[in-house]
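Written below as structure tokens is the structure these notes are about.
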């Protein structure tokens, strides 16, 4: 076992001593979305700084806390705040929580994010269920020696986002009284926002939304054999023909306002 694998297991052993049940579902929340798991019956909450080997989020809107509990009788493990390549973290550090979840027994991974809308049919506050992505970060968490115990050297990404979970998310939203979008997510390195020319390029490539996260975690989750669901809150619309400066405060506010919708979807899926 290499140093990275040893660090994962040290963290796993630390958490096993504190968790009351084996988690079935893992949730990673994005910008302004820490409130998207308000339905969770919490039995453990730990700041990342208190967990051995865990990176610490440097983004103010990411709470930086691990929370476990139950929802509809199932054990859930939530990471309130993630890590990004643009913070200077490596792909392995970004996906460290996914490997910890894998070793703990998580088989279903839900990844949420705040994203800019490229599809002009979308509106601010919409929820987009990710059906596919384009990795434009120039990075991949599987580069280097493969840990055969974690997954195949060349994982098939044809079904990167589980079709059954996509359908469940749509059904859960309908039951809760609203509709969701589906689309292709473009994962960029960041942290600079996109130029109008870049938005045109992404639009031609078939992308519906763009952000700086999710892709690394998805790849690691697929490699781990997990079923993965991706949910994007569309926080602003990028129209390259009528470009407007994006307000970070407005983006965060839109994400926060959409958190109850995400909570309803997550609750419905678990049920």
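Derivation of every value follows stated rules applied to the coordinates shown; laboratory data play no part. It should be emphasised that the depicted structure is a prediction, and the values quoted were computed from it without experimental measurement. Here the Cβ is made from the backbone with ideal geometry for all residues, glycine too, and neighbour counts use every protein chain on show.
Rg and Dmax of the range 3-270, both derived from C-alpha coordinates alone, stand at 17.3, 55 Å.
Computed from Cα atoms, the angle from the helix 163-176 axis to the main principal axis of the chain rounds to 70 degrees.
In terms of surrounding Cβ atoms within a 10 Å radius of their Cβ, 253, 227 rank from fewest to most as 253, 227.
Only Cα pairs under 8 Å and at least 6 apart count here; give the relative contact order of the chain as a rounded whole percent.
Values: 573 pairs, mean separation 73.5, N = 271.
The normalised contact order for the chain reaches 27 percent.
Placing a label point 7 Å from the Cα of residue 21 along the Cα-to-Cβ direction, the residues of the range 77-115 whose backbone N falls under 12 Å from that point are 77.
Direction-averaged projected area, Cα convex hull, the range 77-215: 9.5 nm², rounded to one decimal. Entry note: the range 136-238 has Rg to Rh equal to 1.00, where both radii use alpha-carbon atoms and Rh is the Kirkwood radius. For the range 189-271, the spherically averaged projection of the C-alpha convex hull amounts to 6.9 nm².
If R0 is 45 Å, the Cβ-Cβ spacing of residue 46 and residue 197 corresponds to a FRET efficiency of close to 0.55. Considering only 223, 84, 242, the mean-square fluctuation computed in a Gaussian network model of the chain, springs between alpha carbons under 10 angstrom, is largest for 242.
Largest first and in whole Å, what are the equivalent-ellipsoid semi-axes of the range 177-229 based on the Cα gyration tensor, each being the root of 5 times an eigenvalue? If you can, show how the numbers build up before the last one.
Details: eigenvalues 103, 56, 20 Å².
Computed over the range 177-229, the values are 23, 17, 10 Å.
Remark: the residue 10-residue 175 segment gains 55.3 nm on full extension, using 0.36 nm per residue and subtracting the alpha carbon distance.
Highest mean first, what order results for 173-179, 113-119 on Cβ atoms within 10 Å?
Peptide ranking by packing, descending: 113-119, 173-179.
Peptides 17-23, 162-168 ranked from most to least packed, by the mean per-residue count of other Cβ atoms within 10 Å: 162-168, 17-23.
Highest mobility in the GNM of the chain, judged by mean-square fluctuation with C-alpha springs under 10 Å and restricted to 109, 202, 229, is found for 202.
Of the residues 39, 192, 57, the one that moves most in a GNM of the chain with alpha-carbon contacts below 10 Å is 192. Here the range 89-118 is scanned for amide nitrogen atoms under 12 Å from the site 7 Å beyond the Cα of residue 140 along Cα-to-Cβ, giving none.
For the range 13-168, the equivalent ellipsoid derived from the alpha-carbon gyration tensor has semi-axes of 23, 21, 18 Å in decreasing order.
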